[in-house]
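One structure below.
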């Protein structure tokens with residue numbers, strides 16, 4: 001009797017789990033959480049963003065445990081998220097109050113407050129720096145000292161951290177519609193399943209949790225021709241936002257009693273998109289609309305891509321998948337897409353037996369007809 | 001920053017949410033109730049829908065059985081059992097009749113389930129109308145309007161092309177003559193077991209975020225035209241090479257020594273049961 | 001023709017826009033064509049009433065934008081109406097305004113009482129399903145569950161519309177426009193609907209194909225006594241098919257009567273212009 005892939009599952013799994021741990025440890029060197037936090041900023045940001053859980057410490061742990069696999073790290077964070085009770089929603093955040101670290105506009109050379117480049121790879125040349133192979137403590141401490149000294153020689157402007165929004169400048173000129181501030185409770189797609197047509201709050205949540213690569217690809221497809229959105233980036237800002245929650249006992253709460261629970265770093269993008277709209281006389285008019293993107297950490301490509309897809313989905317268009325909310329929103333989640341693809345590795349022998357039977361029966365039937 | 005895992009993994013709020021959706025599903029047989037599916041420690045598509053149902057239902061005294069493609073020891077069944085036991089400490093079993101909750105992927109056990117049991121089926125694709133309509137917005141309306149001509153049309157097209165319906169696993173069923181439902185990729189062989197089942201059948205699709213149910217004693221009919229009746233997989237002339245049973249769903253195996261095709265019960269627990277019974281009879285016949 | 005109408009439409013209205021004090025009042029509205037300059041509302045169909053009698057073909061003629069296709073979409077529930085009523089002479093349900101029914105009940109009417117042939121076959125057919133399957137779909141929707149029976153009906157219908165049976169398992173996407181249109185007609189007829197809607201069915205077809213399709217429609221009326229509403233901008237089509245004709249302009253009926261009478265002795269200036277431009 002030959003091998004039947006049924007028995008012995010338990011031992012095989014145990015052995016496999018040991019093996020994967022061995023793979024992580026076999027080099028006899030481990031990375032400290034602190035090292036990940038201080039050296040892998042982009043990775044930590046991306047994991048937090050795709051897992052929709054803001055915790056650099058847990059993200060670093062997930063990265064360590066997952067041996068740097070994005071897919072696995074996000075998966076670990078999401079699963080952990082499921083064990084946490086949701087006790088509070090934060091108060092609405094006003095991004096005008098962002099403590100800005102970087103802020104640029106592609107629409108205006110001279111925006112109120114000026115352009116602030118901050119830290120970005122945009123102007124670096126992507127050449128491998130072979131010096132980093134042998135980077136020594138003495139090297140970087142020396143570099144840091146010099147850098148701090150340079151900083152002291154720069155004139156510090158007062159109050160530079162808070163910038164007015166570029167869009168406000170245009171709103172005041174009447175180029176953008178004025179809207180009432182809408183503080184209705186957004187839907188929470190992690191507590192209520194997404195239904196279609198999706199509200200904008202649900203849409204933006206799905207987009208910001210989306211896999212960076214998937215969101216970027218779809219937005220790129222839209223720009224290239226499989227879509228009808230051609231935006232100008234009005235403003236990209238990266239910085240930190242203070243988060244407040246109300247006292248759980250609503251009756252007892254007042255504005256002064258809001259609790260500051262910490263800062264989160266986000267990237268926010270407002271894209272300006274020219275659209276045809278109907279005015280109050282039902283006539284077509286050219287107007288600007290805003291595509292909005294926001295995500296945890298510094299991930300400008302993703303935030304811009306979100307802003308493009310936000311606009312795409314604002315204007316459904318049967319011809320382009322990038323304008324189809326079900327197509328976009330149901331296929332960009334890292335945990336869902338990687339899970340379903342990987343499930344193909346599971347045994348399918350019952351279903352395959354059923355398929356075999358069906359094909360045999362059809363062939364049998366065909367023979368009868370032929371003869 | 002070490003955290004201890006909660007009983008049955010979830011926080012209580014999440015469990016209540018899932019149970020509410022489950023109750024609604026039982027109240028509307030065959031209707032897919034949307035729910036905010038949680039991310040699980042196992043991957044989407046690996047049984048997270050079933051697992052969420054099991055974890056939301058399970059109590060400390062319950063006995064759990066998990067099978068995957070008919071087998072208690074298949075890798076994924078083992079992995080799911082391990083997770084549930086690690087977070088609950090419940091008792092596990094391989095014997096169908098001992099279990100209170102049976103979570104299964106792609107099979108319904110051969111021995112008949114009772115009213116004290118709940119069968120939880122893992123569902124990859126809950127929407128039977130998806131092959132004819134990609135959009136959820138539309139399929140939802142089709143269900144509401146009792147518009148199932150598309151599901152029937154798929155069968156009709158197969159008859160036109162192949163001279164018979166050529167569905168494989170996951171052959172659509174009509175529940176209580178109202179909702180057309182995907183029974184999950186169980187073989188057609190198992191479809192009749194759903195009809196007027198004594199046990200409550202719950203179906204969970206984690207990735208697609210749907211829960212649906214067949215309550216006990218509910219009619220479940222496999223879609224079939226009057227003149228092309230529903231048929232199950234044929235194992236004509238085959239019997240299990242271990243226990244000798246003939247009227248069950250079989251795995252087809254190749255005997256490596258002789259190169260011939262042999263058959264074996266797909267439901268490993270059922271096979272074991274049959275073997276034990278035979279042994280008892282043998283023992284009795286010797287000693288009595 | 002003096003019997004009870006099979007379909008009665010009363011004050012059907014379909015507007016895009018809110019309407020305002022300048023256009024709400026039917027008698028004294030200040031519209032430019034069907035458009036209110038004050039609030040921008042477009043009245044696609046305005047206060048339209050008509051009757052369709054058993055076995056007759058009612059022609060609807062008018063220029064593009066006159067509202068005739070919108071009226072058809074309203075009657076077939078493809079689009080929601082703004083206001084109005086429609087009554088179908090069904091036993092025990094003569095007094096039901098069908099626009100008030102649930103979408104499930106509307107679908108029932110579409111499946112059992114209505115047939116529709118669209119100008120563009122893409123709207124009426126599943127292009128990547130077999131032709132016979134397309135016909136079966138309508139039969140299945142009307143409750144048929146017998147394959148042999150549906151196959152027989154479909155074959156008879158396809159023969160009637162001159163589709164060679166050896167091509168019945170082919171998908172309409174492989175067919176020419178005229179063939180697609182004939183499959184669509186066969187599909188619309190499959191459940192023997194008492195009421196059939198035909199929306200510009202010959203537009204865009206070759207002249208010889210047009211003639212075949214028109215012959216077919218005439219034959220269907222003679223043999224099956226189905227009541228039809230035929231929408232066309234082409235007076236020749238109307239002249240050939242319709243017993244009675246209504247003329248639409250800017251969403252409203254401006255003239256109606258026996259087809260011969262409307263075409264020989266048009267009363268409204270617009271109809272006169274329409275008829276004489278053809279001569």
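Restricting to the range C:16-40, and then to whatever is within 25 Å of the chain's Cα centre (by Cα) and more than 11 Å from chain A (Cβ to nearest Cβ), can you tell me which residue is farthest from residue C:71 (Cα to Cα)?
Looking at residues that are within 25 Å of the chain's Cα centre (by Cα) and more than 11 Å from chain A (Cβ to nearest Cβ), I get C:33.
In the range A:299-326, how many are touching a helix residue (DSSP H, G or I) at 6+ places or on another chain (Cβ under 7 Å), more than 8 Å from chain B (Cβ to nearest Cβ) and assigned to a helix (DSSP H, G or I)?
Selection size over the range A:299-326: 13.
Quick grid of which residues meet (1) assigned to a loop (DSSP other than H, G, I, E, B); (2) in contact with a helix residue (DSSP H, G or I) (Cβ under 8 Å, 6 or more places away or on another chain):
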site: C:14; (1), (2): no, yes
site: C:46; (1), (2): no, no
site: C:54; (1), (2): yes, no
site: C:81; (1), (2): yes, yes
site: C:91; (1), (2): yes, no
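Within the range C:140-172, track down each residue that is more than 9 Å from every other protein chain (Cβ to nearest Cβ), closer than 17 Å to residue C:125 by Cα and crowded, with 19+ Cβ neighbours inside 10 Å.
Of everything in the range C:140-172, those that are more than 9 Å from every other protein chain (Cβ to nearest Cβ), closer than 17 Å to residue C:125 by Cα and crowded, with 19+ Cβ neighbours inside 10 Å turn out to be C:154, C:157, C:158, C:161, C:163, C:172.
Condition check: away from every other protein chain (no Cβ under 14 Å), buried (at least 19 other Cβ atoms within 10 Å of the Cβ), at negative phi and in contact (Cβ under 8 Å) with a residue 12 or more places away in the chain. Does residue C:110 satisfy that? Break it down into steps so the answer makes sense when it comes.
Working: away from every other protein chain (no Cβ under 14 Å): no; buried (at least 19 other Cβ atoms within 10 Å of the Cβ): yes; at negative phi: yes; in contact (Cβ under 8 Å) with a residue 12 or more places away in the chain: yes.
Answer is no for this residue.
What's the number of the condition residue C:208 fails, among (1) over 25 Å from residue C:45 (Cα atoms); (2) part of a loop (DSSP other than H, G, I, E, B)?
(2)
Given the options C:127, C:116, name the one that is in contact with a strand residue (DSSP E or B) (Cβ under 7 Å, 6 or more places away or on another chain) and not in a helix (DSSP H, G or I).
Unique residue meeting the criteria: C:116.
Quick one: in the range A:176-211, which of the residues that are part of a loop (DSSP other than H, G, I, E, B) and under 17 Å from residue A:49 (Cβ atoms) is farthest from the other protein chains (Cβ to nearest Cβ)?
The extreme case among them is A:210.
Could you list, in sequence order, the residues of the range C:240-279 that are loosely packed, with under 15 Cβ neighbours inside 10 Å and part of a helix (DSSP H, G or I)?
Hits for the range C:240-279 are C:260, C:261, C:264, C:269, C:272, C:273, C:276, C:277, C:278.
Testing residue C:64 on (1) in contact with a strand residue (DSSP E or B) (Cβ under 9 Å, 6 or more places away or on another chain); (2) more than 14 Å from chain A (Cβ to nearest Cβ), one condition comes back false. Which one is that?
With respect to (1) in contact with a strand residue (DSSP E or B) (Cβ under 9 Å, 6 or more places away or on another chain); (2) more than 14 Å from chain A (Cβ to nearest Cβ), residue C:64 is out only on (1).
To keep it simple, each residue is scored yes or no on (1) buried (at least 16 other Cβ atoms within 10 Å of the Cβ); (2) free of Cβ contacts under 8 Å to residues at least 24 places away in the same chain; (3) more than 9 Å from every other protein chain (Cβ to nearest Cβ); (4) not in a loop (DSSP other than H, G, I, E, B).
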{"site": "B:161", "(1), (2), (3), (4)": "no, yes, no, yes"}
{"site": "B:168", "(1), (2), (3), (4)": "yes, yes, no, no"}
{"site": "B:180", "(1), (2), (3), (4)": "yes, no, yes, yes"}
{"site": "B:191", "(1), (2), (3), (4)": "yes, no, yes, yes"}
{"site": "B:212", "(1), (2), (3), (4)": "yes, no, yes, yes"}
{"site": "B:218", "(1), (2), (3), (4)": "yes, no, yes, no"}
{"site": "B:230", "(1), (2), (3), (4)": "yes, no, yes, no"}
{"site": "B:235", "(1), (2), (3), (4)": "yes, no, no, no"}
{"site": "B:247", "(1), (2), (3), (4)": "no, yes, yes, no"}
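Check off (1) touching a helix residue (DSSP H, G or I) at 6+ places or on another chain (Cβ under 7 Å); (2) surrounded by fewer than 16 Cβ atoms within 10 Å (Cβ to Cβ); (3) not assigned by TED's automatic domain parsing to the domain that holds residue A:212 for residue A:74 and give me the number that stays unchecked.
Every listed condition holds for residue A:74 apart from (2).
Quick one: which of B:190, B:146, B:177, B:226 is within 30 Å of residue C:101 (Cβ to Cβ), at pLDDT 95 or above and out of contact with any strand residue (DSSP E or B) (no Cβ under 8 Å at 6 or more places or on another chain)?
Working: B:190 fails: within 30 Å of residue C:101 (Cβ to Cβ); B:146 fails: at pLDDT 95 or above; B:177 fails: out of contact with any strand residue (DSSP E or B) (no Cβ under 8 Å at 6 or more places or on another chain).
Checking each option against the conditions leaves just B:226.
Working carefully through the options A:188, A:139, A:155, A:110, find the one that is modelled with pLDDT of 90 or more, assigned by TED's automatic domain parsing to the domain that holds residue A:263 and over 24 Å from the mean Cα position of the chain (by Cα).
Matching residue, one of A:188, A:139, A:155, A:110: A:139.
Conditions (1) out of contact with any strand residue (DSSP E or B) (no Cβ under 8 Å at 6 or more places or on another chain); (2) part of a loop (DSSP other than H, G, I, E, B); (3) over 24 Å from residue C:273 (Cα atoms), marked per residue:
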| residue | (1), (2), (3) |
| --- | --- |
| C:154 | yes, no, yes |
| C:169 | yes, yes, yes |
| C:179 | yes, no, yes |
| C:184 | no, no, yes |
| C:192 | yes, yes, yes |
| C:215 | yes, no, yes |
| C:221 | no, no, yes |
| C:231 | no, no, no |
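Where in the range A:20-83 are the helices (runs of 4 or more DSSP H), entirely inside, with at least 2 residues that are away from every other protein chain (no Cβ under 14 Å)? Before the answer, list the steps.
On the way: elements: A:33-39, A:41-51, A:56-65, A:70-81.
Answer list for the range A:20-83: A:33-39, A:41-51.
The values are calculated or read from the model by the stated rules, or taken from the named source; none is laboratory data. Because the structure is predicted, anything quoted here is derived from the model rather than measured. Methodologically, a virtual Cβ is constructed for each residue, glycine included, from the backbone with ideal geometry; neighbour enumeration extends over all protein chains shown.
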